[in-house]
Amino acid sequence: MIMKDRIYVCHTFYHAYIATVKELNLPESQRGKATLVLSTMSNDFGSLREKALKSGLFEDVLMFDEKEDICFPEVMKYHADKGNTFLNLLQRIRYTKLLGKAQEENIPVDFKEYKDIYVFCDSDPIGYYLNYKKIRYHAVEDGLDTIKYCDDARYGNRGHFKLKAFMAKLNLIFIENGYSKYCIDMEVNDISALKYKLPNYVEAPREKLFKGIPDKDRHYLMDIFMDDPETLLGQLRNIEPGKKKVMILSDPVCDYETRKKMMRDIINEYAKDASVMIKPHPRDVVDYKNEFRDCIIIKGRFPMEILNEIPEFKVDRVVSILTVVDAIGFADERIFLGADFMDRYEDPAIHRQNEVI
């Protein structure tokens, strides 16, 4: 059997963006040979499949109807707390196998045909599936410095972690982010920023990837991920001359009403007397157009880093709640509010995972 080169499993626009950036770092002779898989479990990718195919950077782009554990009663019955560590581990062994097996009918491709499999967010069911089928893969950090801010593997397995990590290496249970038996390695942005490091962590700085794209090829990013840049630039040009421009990045945190209050508080504290632009997170369901009529709402679902590709797009300040802003180059000032800000609106235990480990 002739093996295919690469396949990327993506769950968000940002994942697909990084997969595209990785392809653009390759010599032209090696492009157009990868498969892009878009999981619909948590995102509606709209026209992304068609645009990625049209670009010619990928050999194929497939949709994956990945299913959460709650879709399978036969799996969820092994997810209840038995009140005993030994019994819980026995349940988890069964849960791990059944969740992987449950994905089989929706898997859109034979992963065994590929030399290299790259999985963003292997904590999702695809990770269980690959380990169930004993298929080796490369894990890729979910977002920019995700593990630095939230080490989900350790947080989700606190209590007897060493025992659980040992069981994961035996493929009895599954743990994401480099701990599973069939995870070859885990690409992270900055190893030095991590408190807990694994031997199979591989540093792949995102900034180096962004800079590695030849200037003549940067148009691919706009072609694939941006629908209407002229409308966005028009909104920017209509802002009163001399008035400060502040962009606020929303996050799908807290409940609907709390999120609206949070956004108003941010505007009052960080964007007073400025023209405010709100970029909703793709999974944020707040109706910003009607709730914040005094603000410019940036339409379209795309990774915020794509705005770096528009030379004319500049703002004075970007304010983020939990989205890491280090890769933003279109703002004079970048403010990351983080856990201290979130403490005002919800129980700190919800967002201070690393402190609980």
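Quick rundown of the values:
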| quantity | calculated |
| --- | --- |
| Set Thr40, Thr35: member being touching a residue at least 60 places away in the same chain (Cβ under 8 Å) and not acidic (Asp, Glu) | Thr35 |
| Whichever residue in the stretch 151-166 is under 17 Å from Asn200 (Cα atoms) and of a type in the set (A, V, I, L, M) and, among such residues, is surrounded by the most Cβ atoms within 10 Å (Cβ to Cβ) | Ala153 |
| Residue satisfying all of: in the stretch 50-61; in a helix (DSSP H, G or I) and aliphatic (A, V, I, L, M); surrounded by the fewest Cβ atoms within 10 Å (Cβ to Cβ) among these | Leu53 |
| Boolean, Asp316 is touching a Lys or Arg at 6+ places or on another chain (Cβ under 7 Å), outside any loop (DSSP other than H, G, I, E, B) and of a type outside the set (A, V, I, L, M, F, W, C) | yes |
| Candidate set from the stretch 89-135 (those that are within 19 Å of Ser39 (Cα to Cα) and basic (Lys, Arg)); member that is surrounded by the fewest Cβ atoms within 10 Å (Cβ to Cβ) | Lys112 |
| Residue among Phe313, Phe292 that alone is under 28 Å from His219 (Cβ atoms) and aromatic (Phe, Trp, Tyr) | Phe313 |
| Residue match in the stretch 293-307 (condition: over 19 Å from the mean Cα position of the chain (by Cα), outside the structural domain of Glu28 (by TED's automatic domain parsing), farther than 29 Å from Arg49 by Cβ and of a type in the set (Asp, Glu)) | yes |
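Conditions tested, residue by residue: (1) touching a residue at least 12 places away in the same chain (Cβ under 8 Å); (2) in contact with a strand residue (DSSP E or B) (Cβ under 8 Å, 6 or more places away or on another chain); (3) of a type in the set (Val, Ile, Thr); (4) under 23 Å from Thr231 (Cβ atoms).
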residue	(1), (2), (3), (4)
His281	yes, yes, no, yes
Val285	yes, no, yes, yes
Lys289	no, yes, no, yes
Val315	yes, yes, yes, yes
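Residues are listed down the side, and each one gets a yes or a no for (1) surrounded by fewer than 19 Cβ atoms within 10 Å (Cβ to Cβ); (2) without any contact (Cβ under 8 Å) to a residue 60 or more places away in the chain:
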| position | (1), (2) |
| --- | --- |
| Met3 | yes, no |
| Tyr8 | no, no |
| Glu28 | yes, yes |
| Leu48 | no, no |
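The values are calculated or read from the model by the stated rules, or taken from the named source; none is laboratory data. Model, not experiment: these values are computed from the prediction. Please note: Cβ atoms are built from the backbone with ideal geometry, for glycine as well, and neighbour counts cover all protein chains shown.
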